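Scroll down for the structure; my scribbles are underneath it.
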Amino acid sequence: MKSPVIDIKRLREGMLSEFNIASLEQKNIIGEDVSGSEIEELRAEQCVFEKVVFDKVEIKEGRVVGCIFAKCSFVGALLKDFLIEQSEFKSSWMQGIQMPNVIFRDCYFKSCKLNVANFRYSKFKDCVFDSCVLQEADFLGVDLINVDFLDCDLRESQFSQAKLKKVSLKSSQIENICLEKESFGEVTVDTAQAIYLASLLGLKIED
């Protein structure tokens with residue numbers, strides 16, 4: 001995963017209302033609340049969003065490249081037709097976020113609350129979820145390629161019809177996860193997870 005390359009010295013600080021939200025570049029947005037807004041288009045490149053509240057926002061289209069979202073809130077937000085690339089989400093509240101049919105490339109999620117998040121039919125490539133809560137998250141029909149779940153809570157998450165290739169679940173909690181045999185391309189698990197998944201998938205282990 002490639003980290004965002006942002007020249008902090010060149011960032012211009014301000015509020016979203018001061019800028020053209022359809023063309024944000026090298027901006028530093030801090031502490032703004034745009035909850036409940038309807039936004040036609042969001043395009044951001046090499047921007048930092050810190051403590052920005054996007055709760056229950058609906059964004060109809062977007063492209064985010066090389067951005068950092070730190071301690072932001074997206075609770076109940078709806079983001080449609082998005083491409084998110086080489087971006088980081090850190091210590092953010094994203095419970096119940098709706099992000100169907102979104103393309104994620106080179107993204108890093110660290111210590112984010114993603115309970116009941118909806119990622120249906122999205123595509124993840126070269127992404128990392130690190131110490132995130134993903135209880136009851138919906139990955140129905142999602143394509144995951146080279147994705148690591150590190151110390152995450154994936155209990156009761158839904159991976160039906162998903163395609164997993166070079167995916168690591170090691171060290172994550174996976175009790176009551178919904179997975180199908182057909183979903184496995186190349187999945188790495190630890191010993192305890194292997195035993196649990198074997199029983200879940202009806203596999204018999206014999207020595």
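The values are calculated or read from the model by the stated rules, or taken from the named source; none is laboratory data. Quick caveat: nothing in here was measured; it's all calculated off a predicted structure. Note that each Cβ is placed from the backbone with ideal geometry, even for glycine, and that neighbours are counted across all protein chains shown.
Below is a table of values for the structure above.
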{"read-out": "Residue list for region 96-112, filter: within 11 Å of ILE84 (Cα to Cα) and hydroxyl-bearing (Ser, Thr, Tyr)", "value": "TYR108"}
{"read-out": "Candidates ILE59, ILE30, ILE39, filtered to the one that is surrounded by fewer than 16 Cβ atoms within 10 Å (Cβ to Cβ), modelled with pLDDT under 95, more than 20 Å from ASN115 (Cβ to Cβ) and of a type outside the set (D, E, K, R)", "value": "ILE30"}
{"read-out": "Residues being charged (D, E, K, R) and within 24 Å of GLY36 (Cα to Cα) - total across region 77-134", "value": "6"}
{"read-out": "Test: residue in region 163-177 that is part of a loop (DSSP other than H, G, I, E, B) and farther than 18 Å from VAL133 by Cα", "value": "no"}
{"read-out": "Tally, over region 65-92, of residues that are buried (at least 23 other Cβ atoms within 10 Å of the Cβ) and on the phi > 0 side of the Ramachandran plot", "value": "0"}
{"read-out": "From ASP55, ASP148, residue being in a strand (DSSP E or B), of a type outside the set (Ser, Thr, Tyr) and in contact with a strand residue (DSSP E or B) (Cβ under 6 Å, 6 or more places away or on another chain)", "value": "ASP148"}
{"read-out": "Filtered residues of region 107-138 (kept if more than 21 Å from ARG63 (Cα to Cα) and either outside any strand (DSSP E or B) or of a type in the set (A, V, I, L, M, F, W, C) (or both))", "value": "SER111, ASN115, VAL116, SER131, CYS132, VAL133, LEU134, GLN135, GLU136, ALA137"}
{"read-out": "Residue list for region 71-106, filter: among the acidic types (Asp, Glu), assigned to a strand (DSSP E or B) and in contact with a Ser or Thr (Cβ under 9 Å, 6 or more places away or on another chain)", "value": "GLU88"}
{"read-out": "Filtered residue count, region 152-207, keeping only those that are modelled with pLDDT of 90 or more and more than 19 Å from the chain's Cα centre (by Cα)", "value": "2"}
